[in-house]
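Structure first, then comments.
Readers should treat all values here as calculations from the given coordinates under stated rules, not as data from a laboratory. Everything numeric in this text was worked out from a predicted model, so none of it was measured. All Cβ positions, even for glycine, are placed from backbone atoms using ideal geometry, and neighbour counts span all protein chains on display.
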Protein chains: 2
Amino acid sequence: MPSYVAPTQDLQFVLHEVLKVSESAIPGYDELEPDFTLAVIEEAGKIASNVLAPLNFSGDREGCRLENGVVYTPKGFKEAFEQMKDGGWTALDCDPEYGGQGMPYVLATSVGEIFVSANMAFNMYQGLTHGAYSAIHVHGTDAQKQTFLPKMVSCEWTGTMNLTEPHCGTDLGLMRTKAEPQDDGSYAITGQKIFISAGDHDMSKNVIHLVLAKIPGGPEGVKGVSLFIVPKFNVNENGSLGERNGVSVGSIEEKMGIHGNSTCVMNYDSARGFLLGDMHKGMRAMFTMMNEARLGVGLQGYAQAEAAYQNAVIYANDRLQGRAVTGAQNPNGPADPLIVHPDIRRNLMDQKSFVEAARTFVMWGASMIDEGHKLGNKDAEGLVGLLTPVIKGFLTDKGFEMAINAQQVYGGHGYIEEWGMSQFARDARIAMIYEGANGVQALDLVGRKLGTDGGKHVLAFFEIIKNFIKENADHPALKDDFLPQLKQASKDLQAASMYFVENGMKDPNNALAGSYDFMHLFGHTCLGLMWARMAKAAHDAIEGGASDKDFYTTKIATGRYYMARQLPATSLHLARIQTGADTVMALDAGQF
Amino acid sequence: MPSYVAPTQDLQFVLHEVLKVSESAIPGYDELEPDFTLAVIEEAGKIASNVLAPLNFSGDREGCRLENGVVYTPKGFKEAFEQMKDGGWTALDCDPEYGGQGMPYVLATSVGEIFVSANMAFNMYQGLTHGAYSAIHVHGTDAQKQTFLPKMVSCEWTGTMNLTEPHCGTDLGLMRTKAEPQDDGSYAITGQKIFISAGDHDMSKNVIHLVLAKIPGGPEGVKGVSLFIVPKFNVNENGSLGERNGVSVGSIEEKMGIHGNSTCVMNYDSARGFLLGDMHKGMRAMFTMMNEARLGVGLQGYAQAEAAYQNAVIYANDRLQGRAVTGAQNPNGPADPLIVHPDIRRNLMDQKSFVEAARTFVMWGASMIDEGHKLGNKDAEGLVGLLTPVIKGFLTDKGFEMAINAQQVYGGHGYIEEWGMSQFARDARIAMIYEGANGVQALDLVGRKLGTDGGKHVLAFFEIIKNFIKENADHPALKDDFLPQLKQASKDLQAASMYFVENGMKDPNNALAGSYDFMHLFGHTCLGLMWARMAKAAHDAIEGGASDKDFYTTKIATGRYYMARQLPATSLHLARIQTGADTVMALDAGQF
């Protein structure tokens, strides 16, 4: 069974030496002193290693089950959930007015990585609740907030998001679920929703469903979609639970992975619901939470890669097979450990150099979300909005690829469920699909975000790179092994953007045919920037006489690998983009 | 549930217009007239679509089970296996002396693709039998051949290959299974073997295990390994079945995929075995079949991608979601089909352009195996030996990647087992691992095959490309869209080879750190060559007034896509290779 240990030192490095959070002017960041974050991370790490990680494997094997309309989570989940609630882990960045701890999102994200690495399926119960909490927090009436938020902050009640229907996912304008206005101001919701994560389960007393539906007579398409609060049990005036609402679980989906999470078909039959936010503005209400939700999925991508990587390293050090080509490294043993072989190293370095930069990228994104929320900084909001599809699309693609890499280290044992490496790959796979499939992320990036505010945010991104290179032009750790590579990547990204401007006008297919490559080009450039920043911080720490020199030299060496071996992918993506739409759109639909 | 239709026209195109098999001087190829191969392929296609494909999905859901020492295959497998036997499909390329039909391997490979696409797990029962048949055919005594081959050709008895033990896979020198010589000339085999595909089941009367084991007192390591025939039921002098041998199934492995195949832990307890081939030369005996076995796994890679692709195309045409950016294509419907979207096309074109070239590559490889076997052509043998790790490693990596791509087209439905797309990905995953994990293929390619016979075979490969480019320099279909790209790829491959020559001497890690990239660089170059050949054949067919012009123009357009969008990956692989071992080997084992 796989193990997991929280990457405490790495998280602290990102928070305090790269992002320098406690020096930031963002309200609340002054509390994020190293000792404090260390204590939080270590505590989360203990629960992750001792409680959540062991349930990850058993949860996958056992799965959830539906019996007589009741959903049961795998053995041990309920007790673990109680422990999460009791420890206040569900309330970390929630509003203190409703029982939250009011911590910055960047800290909740650090903790989130740990929990997601340890048990992704389990953490989704809380994750979905947090999403629903945010929607009600932003769009709810005072009464709605008072009724629902305190219980959702504590996860006494959990939440869900109901968007997809059997015939419509991305294109929500096709939605059929209806919300009929009732005399008392409520709505009767009728329809079927599918793929509802944490749709129902036995770990909370109530489930608060947020449901997109159409009020008859409203505008056509997505402009006629509204958002509703539909509790599993109706809530009485005094906050106590009333009778069961008209919502039931049709079935639990059999999925490739995340078996520990109950992905439900939900049937609404004149269920009593309450409008959340403005009528017909349901899509806008959903979009409010989108950056956070998508950043959370990007985090799932690298967090699964991290967990898989940790186990691959253990296996590569333990498993004896063959001899190093340069001479035996374990001469007294029957063979050398796998880790002596250059191709195993290539594989592990791909994983390590990805995960560490992805972590920094997501934490940087989280700090910009804080900056937007707490300082009202529109530039930070715009930049993180631009980077969100990159975080979601690129990090989940690569996260899955790296989980596959980690599985490969195990050879045949990687394919056997008993070793747990298959699960990391199967679980990571969903992150490329949900919360907007990665092709949709690429479309969002190229079709929408690039041009937002007249292209201001992508220009700001280029400026960040340019300034970093300028400021550090003579930096001994950066000038040869980081800056030229970063400059080239940035040049490739600019050339691709320019290609879209010049050719997308003539034919938008010229831009969209290159959108996926652009998302990856952008992602690599971001990770290159993260590595340059990390290398600088690591070098500065060594210069400052840091005691754990080994940690920092490893950091620089890992960064060098990424810059030399991974970042050059930008030129391939650019070359593909510059071929335009001709070969992509050449066939008729019938010729495929 | 997914469907499958054999790509008859594509296979015929490869056999007759690209490879021109019936014009070849290889003995037996004169029989491969278009009408004949068409009849065979169509008949195989019927069984595949009507019998095997429907059992693929149910076989995955049901899996195999072990009850009281007996292994049961999924419902319907037994009847389907009878049908395969009755139709003579198990004997296609087997020796007529033992009841085979003596057809060329290239024809068996064409049929193999069809059966593997339809049901990979099912086809492995016959595939393993064929491997064991080949080993006995080459290395067995006359008596052994007479005893075992006729029943294995008909699959009345099936076969297995027993190499792996819990602590040793690639490094077979660590093997512990013992073979104690007995007075009657037989051996008593004792030990445990794992990951034994088709290890036991209810579809045949006997299972003939080929088992690697060490005779006590023999040389250390792999040089002391011998190969043994160990029947499940002892065989009497008259060929009838005697009592049960000392071999039993310990358990069936729970795997990520290929659930329809019984992957067994096999326990040998003084089982009666017979030496096959020379004492201590077991590895050599295994290697005899290696090219075929690895080519067969490479075939599994693209065959799964083919099956997944077919379904992705159906879904992309059926599923209505969003509108084409250039204007509605299905104005009377609620939305346009997915296939209008450029990024869906990019995804499908990646799949299509890979599968079609991979098919041609494998068939070319199969024809060289025939050339080696039937004409004793050492150059063909050497070239296919060089290309074998590329076929196995590159085609299974890409095949899996494309199965993931196909799954992605389905969005959320791709993650639900009910749709069957997860199975293609899970089944394809094993092909990257077994029969030598792909990292081992890369090692074999760079560490062994490149330098075989003084590098003669890689030079021959470059010569093939050079001559093709020279001969077709003015070809109207090739000169702009195929030849310059192929030339560049070949140049990259030569530069990488040269890098290894120049830097591998100083430090072999410089070569091995780039071995995986080299395997992919080589693979892309091969597929580029295949596309150039196919485009030429397609153009010639159009010029010759072929009736189905649409087929050939589609072929050329698909090739253009590959040359423009995929082949440029060679320069990235070269760039990585040229960074050498420094960044790959920079960390100590403890720093990961």
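Worth pointing out:
- Stokes-Einstein translational diffusion, region A:311-421 - Kirkwood Rh over all Cα pairs, 1.002 mPa s, 20 °C, in µm²/s: 130
- Note that chain B shows a convex hull volume over its alpha carbon atoms of 172 Å³ per residue.
- For peptide B:412-420, the mean count of partner chain Cβ atoms within 10 Å of a residue's Cβ comes to 6.
- Counting only alpha carbon atoms, the long axis of helix B:105-118 and the longest principal axis of chain B meet at about 80°.
- Total lysine pairs in region B:1-127 at Cα distances under 21 Å, for residues eight or more apart or on different chains: 4.
- Extension gain (nm, one decimal) between A:ASN234 and A:LYS20, 0.36 nm per residue minus Cα-Cα: 72.4 nm
- Debye intensity ratio I(q)/I(0), log10, the protein assembly as shown, q values 0.06 Å⁻¹ (C-alpha model): -0.49
- Overall Cα dimensions of region A:35-157 - principal axes, largest extent first, Å: 46, 42, 19
- Across region A:1-89, C-alpha contacts under 8 Å between residues 6 or more apart give a mean separation that, scaled by the residue count, equals a relative contact order of 26 percent.
- Kirkwood Rh, Cα atoms: Rg over Rh of region B:224-274: 1.08
- Position B:ASP183, label points 7 Å along Cα→Cβ, spacing to each other copy in nm (shortest first, one decimal): 10.2
- With 28 Å as the limit on Cα-Cα distance, the pairs of A:LYS281/A:LYS398; A:LYS352/A:LYS392; A:LYS392/A:LYS536 that go past it are A:LYS281/A:LYS398.
- Net +/- balance of residues flanking A:LYS487 in space, Cβ distance below 14 Å, scoring K and R +1, D and E -1: -1
- For chain A: relative contact order, % (alpha-carbon pairs under 8 angstrom, 6 or more apart): 12
- Net charge, B:GLU401 excluded, C-beta distance under 12 Å - Lys, Arg +1, Asp, Glu -1: -2
- Shielding by partners, peptide A:321-333 (average Cβ within 10 angstrom, other chains): 3
- For A:ALA143, the distances from its label point to the matching points in the remaining copies are 9.5 nm, ordered from shortest, with each point set 7 Å beyond Cα toward Cβ.
- For region A:547-592 versus region A:24-87, the inter-centroid distance based on Cα atoms is 34 Å.
- When Rg and the Kirkwood Rh are both derived from Cα coordinates, the Rg/Rh ratio for region A:443-486 amounts to 1.18.
- Dimensions of region A:190-341 from C-alpha coordinates, computed as largest minus smallest value along each principal axis and given longest first, are 77, 32, 28 Å.
- Stretchable slack from A:ALA143 to A:GLN591, in nm (0.36 nm times residue separation minus alpha-carbon distance): 155.5 nm
- Averaging the sequence gap over all C-alpha pairs within less than 8 Å and six or more residues apart, then dividing by the number of residues, gives region B:222-272 a relative contact order of 33 percent.
- For peptides B:464-472, A:289-297, sequence by mean Cβ density within 10 Å, most packed first: A:289-297, B:464-472
- For region A:423-537, the spread of Cα positions along each principal axis, largest first, Å: 45, 42, 21
- Non-local Lys pairs in region A:423-496, i.e. 8 or more apart or on different chains, that have alpha carbons under 16 Å apart: 8
- Copy-to-copy label separations for B:ASN267, where each label sits 7 Å from Cα toward Cβ, in nm and ascending: 4.8
- Nearest beta-carbon to the B/A symmetry axis - residue in chain B, distance in Å: B:LEU572, 2
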